[in-house]
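The values are calculated or read from the model by the stated rules, or taken from the named source; none is laboratory data. Keep in mind that what you see is a predicted model, and the values were worked out from it rather than measured. Please note: Cβ atoms are built from the backbone with ideal geometry, for glycine as well, and neighbour counts cover all protein chains shown. Ligands, DNA and RNA are excluded from the accessible area calculation, which covers all protein heavy atoms including side chains. Shrake-Rupley method; radii C 1.70, N 1.55, O 1.52, S 1.80 Å.
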Amino acid sequence: MNSWINLHALWEIVVIGLIAGAGLPALFAVGLRALSLPGNRVQPAGADSDQIVGGSPAGIAAAVLCFAVVLAAIGWGIYFIVAGS
Amino acid sequence: MGNDLVLVLVVVTALAFDFTNGFHDTANAMATSIATGALGPRTAVALSGVLNLVGAFLSLSVAATIANGLVDTHLVTLTVVLAGLAGGITWNLLTWLFGIPSSSSHALIGGVVGSTIAAAGGHGVLWHGLVSKVIIPAGLSPIIAGLVAAIGTYLIYRISRNLSEGVRSHGFRIGQIGSASMVSLAHGTNDAQKTMGIITLALIANGTLHSGANAPIWVIVSCALAISIGTYTGGWRVIRTMGKGLVDIESPQGMAAESASAAVILLSSHFGYSLSTTHVATGSILGTGLGKKGAEVRWSVAGRMATAWVFTLPSAGLVGAGAYALAHVIGGTPGVIVDLAILIAVAVTIYLSSRKNTVSHDNVNDDWTGMVTPAEPVAV
């Protein structure tokens, strides 16, 4: 152990930082993509392309799962900070 | 017991520093959200202010580092603390005038270390604590945050490449509000702590608290309020540099940058590193510029900021040392009051020169023309 740099803390900050700081936004992106999957109903021509919810039930279910994981991770993170002090 | 009048002056000055810390750092959390239009400027600063308030109560490990880990508490007097604060406030106001997002934390630490050296010599500083808890994290944190943000940005664009432009920017704007809120919360847990640590240091120096004590509840509450009000005031100049100057940001990049910042700041707070939220947020914004193909990163702006960072500790230290020397020469309570009078004069001067070309919630998002202050609007 180096007395100037706490390598253990550094390592944890990089790895957990990557999981939380890059992984969660990526998961959010997956959720967004699932949410926008087109459903069975036929889109009328010239449909609003800004529609976030595509209408596919499986897609919506997957999206809800993704967003739930993201929210749970944030909640756990806050709990971890409060409990750690 | 020490001098109660001086103690009161020190506490008020510390809260004033906390206020400048808040408005200097609003940008760290909200600049990207304001730049992409995810939040209106006024809503953004209000949200950030409230979350800073909440965050200030969450964790206290950074306060302990500042109060007990940087300087020898036995050598610190109230005058030393006050001179240190004067250094921190002066640097914060100057960098705000020029729209440079420099680290409030380093300004504070530099000021206190400088005044301690002036008062007691180099042995009054716990150099090991300073290097291992402040300087090394300051060098590493922007790189880590940049790396996380670059990878996050790459993943987000890769995953969402089939989405239409409208869906993507709308969806990520919602995500941005969440991630920016986390940064505000993290800022409260990290930066509000620093002033709590300083006031605790002053109380220890005055003999009100014993060495190694934690921050009392009234200190926590008043610091939380001061930083929150400062945040709400909004340092529009710095927001502009962060949001428009470095990289032209789209909402997916904004979300990636903020998530990276929040993760790195919260994790570091947990380990008691008093790192600079400014350094982290800047690293993240640069990282997100690197992670997206074809994004332009204005390295000249980044270079100017990095230069300011290098000078932050020594400059604030010099002001702190000078303020201590002056107060020491005059001596006692009058010395402290002269210091304060000069500090107020400097603050008013800087404020008045900022009035010549204001940046506010109205023009904060104008196109970047290489200047902090946007071009004069054409009269209609």
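Taking only Cα atoms, what is the 0 to 90° angle, nearest 10, from helix B:165-205's long axis to the longest principal axis of chain B? Helix B:165-205 and the main axis of chain B meet at about 0 degrees. Where a ≥ b ≥ c are the square roots of the eigenvalues of the C-alpha gyration tensor, would you call the range B:76-145 rounded, which needs a/c under 1.5, or, failing that, prolate if a/b is larger than b/c, or oblate? Cα axes put the range B:76-145 in the oblate bin. Per-residue shielding of B:168-175, expressed as the average number of other chain Cβ atoms within 10 Å of the residue Cβ, stands at 4. PRE reach from B:ARG161 (point 7 Å along Cα→Cβ): which of the range B:280-319 fall under 19 Å by backbone N? Backbone N within reach: B:288-296. A straight chain from B:LYS356 to B:ALA325 at 0.36 nm per residue would run longer than the Cα-Cα distance by 7.8 nm.
Legend: distances between Cα atoms for B:LYS244/B:LYS292; B:LYS133/B:LYS194; B:LYS244/B:LYS293; B:LYS133/B:LYS292; pairs beyond 24 Å are B:LYS133/B:LYS292. Prolate is the label for the range B:4-357, because the ratio a/c of its alpha-carbon gyration tensor axes (a ≥ b ≥ c) is 1.5 or higher and a/b is greater than b/c. Put one equal scatterer on each alpha carbon of the range B:238-380, apply the Debye formula with no solvent term, and list log10 I(q)/I(0) at q = 0.15, 0.16 1/Å to two decimals. With no solvent term, the Cα-only Debye profile gives -0.97, -1.04. In the full protein context, the range B:4-357 carries 32 Å² of accessible surface per residue, based on a 1.4 Å probe and ignoring ligands, DNA and RNA.
Label separation (B:ASP367 vs A:PHE80): 4.4 nm, computed from points 7 Å beyond Cα along the C-beta direction. Largest mean-square fluctuation among B:ALA86, B:ALA138, B:ALA46, in a Gaussian network model of chain B whose springs join Cα atoms under 10 Å apart, belongs to B:ALA46. Mean projected area of the convex hull spanned by the Cα atoms of the protein assembly as shown, taken over all viewing directions: 23.1 nm². Between B:ALA345 and B:VAL310, the contour length at 0.36 nm per residue exceeds the Cα-Cα span by 10.0 nm.
Under a Gaussian network description of chain B, with springs only between Cα atoms under 10 Å, the residue in B:LEU82, B:LEU155, B:LEU147 that fluctuates furthest is B:LEU155. Cα centroid distance between the range B:13-55 and the range A:2-31, in Å? Rounded to whole Å, the Cα centres lie 24 Å apart. Shown in residue order for the range B:297-314 are the 3J(HN,Hα) couplings computed by the Karplus curve 6.51 cos²θ - 1.76 cosθ + 1.60 at θ = phi - 60°: 10, 7, 5, 5, 5, 4, x, 5, 5, 4, 4, 4, 4, 4, 7, 4, 4, x Hz (x for Gly and Pro). Remark: mean inter-chain Cβ contacts per residue of B:176-183 equal 3, using a 10 Å Cβ-Cβ cutoff to other protein chain atoms.
The alpha carbon centroids of the range B:72-135 and the range B:317-340 are separated by 14 Å. Mean partner shielding of peptide B:131-140, defined as the number of other chain Cβ atoms within 10 Å of each residue Cβ, is 2. Between B:VAL348, B:VAL364, B:VAL336, where does the largest GNM mean-square fluctuation fall for chain B, given springs only between Cα atoms within less than 10 Å? The residue with the greatest mean-square fluctuation here is B:VAL348. Rounded to the nearest Hz, the phi-derived 3J(HN,Hα) couplings of the range B:229-236 under the Karplus curve 6.51 cos²θ - 1.76 cosθ + 1.60 (θ = phi - 60°) are 5, x, 4, 5, 4, x, x, 4, where x marks glycine and proline.
Measuring how big the range B:132-220 is from its alpha-carbon positions, Rg and Dmax come out at 20.4, 64 Å.
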